[in-house]
Amino acid sequence: MSDRKTAAELIHHPYQPPAGFAAPVQAVHKASSIFFKDVAELQRVRWADRDAYTYGLHGTPTTFALEARLASLEGANHVLLAPSGLAALNLVNQAFLKCGDQLLLPDNVYGPSRNAARHELANWGITHAIYDPLDPADLAAKLSPATRLVWLEAAGSVTLEFPDLTGLIAAVRANAPQALIALDHTWGAGLAFAPFELGVDLTIHALTKYPSGGGDVLMGSVGVRDRGLYEQLAAAHGRSGLGVGANDVELVLRGLATLPLRYAAQDAAARRVAAWAQTQTAVAQVLHPALPGSPGHEYWARHCTAAAGLLTLRFQPEWNRARVEAMADALKVFKLAWSWGGPVSLAVPYELAHIRSLHRNSGTVLRLAIGLEEPEVLIADLEQALESV
């Protein structure tokens, strides 16, 4: 037997495993090339229809399974996966904006989104304006015939204002009916509220956060109900070459099984930490949507029962940047790191003047992302860090 024949037999071996295997965990299917039975099938299959397979970049049974489950979670009809939440966000911008269009962003938008508007989108002839997320009238005043896309954040990045979603959506529909409304739904995780029921057109989700839950995956998704919008997204997605690894998809699929339990536990722990923080004389305000007095609390109460695991501490005026950063350095259980939604509690200080336009947002704050440690352990860590400074 020649080496060539041996290689051919190994590559084209006729064995196929029997059908009917069922287990709790979705199988991991990896492929670049996907086989067709004949030329007619090769020419017929259209990857965006999701009723067959074309090429590994466009999906395998593993990625199709995650898309279907995310569609149920988000209340969408179609979902596309991206390598990160930011990639998903930029896919929406790329698919629906062109030279001469205007983009509107809330002042509490995710920082890299603002930077993309200032740089890449501006270089492509797309203008942008910043609106007050707590003032639908301010949004209405900044809408124009050129507005094609309006982003919402609920709750807002870092400062966690919960906007008047119904008021903002109504302002867009009344004053710029040509504009699409997209929501960063990462904070809500598909559990806190139902954005499509409120009237948004698209959602993006950083699956890196709660759906993964392990702090070890980068992935994002875009959800949409309208088939026409999905076709535009799918075309841009295909032309951009966006793909995700099957092993990462496996981890997110595994994480989805415990998502409601983890989200509820981190929400409950965050509320306990927030309640403790309100008793500290060094803390001027605790930003957490479920707390009365936190910006937009009434709108959170209208739409939500859950509130994720994030809170931000504003300190008294004598707490300058150096003092807040010294407290952050003194933390032992909390780790200094970006992101959130994983098992480890994280802390990051922010200088609000660097990331906000509105004058009410100034000073240095400390954002806390609550993990899965016991709340009393986290409170003790914060106590010792406060005492150290």
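Taking other Cβ atoms within 10 Å as a rough exposure proxy, K142, K30, K335, K209 sort from fewest to most as K30, K335, K142, K209. Per residue, the chain reaches -11500 deg cm²/dmol at 222 nm when only DSSP H runs of four or more residues are counted, each adding -39500 (n - 2.57). Directionally averaged projected area (segment 296-352, Cα convex hull): 5.4 nm². Applying Stokes-Einstein at 37 °C and 0.692 mPa s to the Kirkwood radius of segment 258-388, computed over alpha-carbon pairs, gives a translational diffusion coefficient of 219 µm² s⁻¹.
With the convex hull built on the Cα atoms of segment 39-254, state its orientation-averaged projected area in nm². Intermediate results must be reported in sequence, preceding the final value.
Working: hull surface 46.9 nm².
Computed as one quarter of the Cα hull surface, the answer is 11.7 nm².
FRET efficiency for the A122 to K37 pair, using the beta carbon distance and R₀ = 30 Å, is estimated at 0.05.
Which whole-number percent gives the relative contact order of the chain, counting Cα pairs below 8 Å spaced six or more residues apart? Write down the numbers at each step before the final one.
Numbers: 739 pairs, mean separation 59.4, N = 389.
It rounds to 15 percent for the chain.
Helices meeting the span-like rule in the chain (full DSSP H runs, Cα extent of at least 27 Å along the helix axis, mean Kyte-Doolittle score of 0.0 or higher): 246-277. The lysines whose alpha-carbon is closer than 25 Å to the alpha-carbon of K142, local same-chain residues fewer than 8 away aside, are K98.
Computed extension length for F21-V389: 126.6 nm, one decimal, from 0.36 nm per residue of separation with the Cα-Cα distance subtracted.
Taken as Cα centroids, segment 203-239 and segment 331-377 sit 25 Å apart, rounded to the nearest whole angstrom.
The chymotrypsin sites (Phe, Trp or Tyr not before Pro) found in segment 1-87 that occupy coil by DSSP, while having at most 12 further C-beta atoms within 10 Å, are Y15, F21, F35. Pick from D101, D49, D138: which is most flexible by mean-square fluctuation in a GNM of the chain where alpha carbon atoms under 10 Å apart are linked? So, out of D101, D49, D138, the one fluctuating most is D49. Overall, the chain carries a charge dipole of about 640 debye about its Cα centre when +1 sits on the Cβ of Lys and Arg and -1 on the Cβ of Asp and Glu, all other atoms neutral. Based on Cα atoms of the chain, Rg over Rh with Rh as the Kirkwood radius reads 1.03.
Per-residue Cβ neighbour counts within 10 Å put H119, H29, H128, H12 in the sequence H12, H119, H29, H128, beginning with the fewest. Farthest toward the dipole's positive end in the chain, which of A179, V39, L256, given Cβ charges of +1 (Lys, Arg) and -1 (Asp, Glu) about the Cα centre? It is V39, whose Cα lies furthest towards the positive end. Largest mean-square fluctuation among N320, N93, N108, in a Gaussian network model of the chain whose springs join Cα atoms under 10 Å apart, belongs to N320.
None of the figures in this text is laboratory data; all of them are computed from the coordinates on show. Just so you know, these numbers come straight off a predicted model, no measurement behind them. Glycine also receives a Cβ, built like all others from the backbone with ideal geometry; neighbour counts cover every protein chain displayed.
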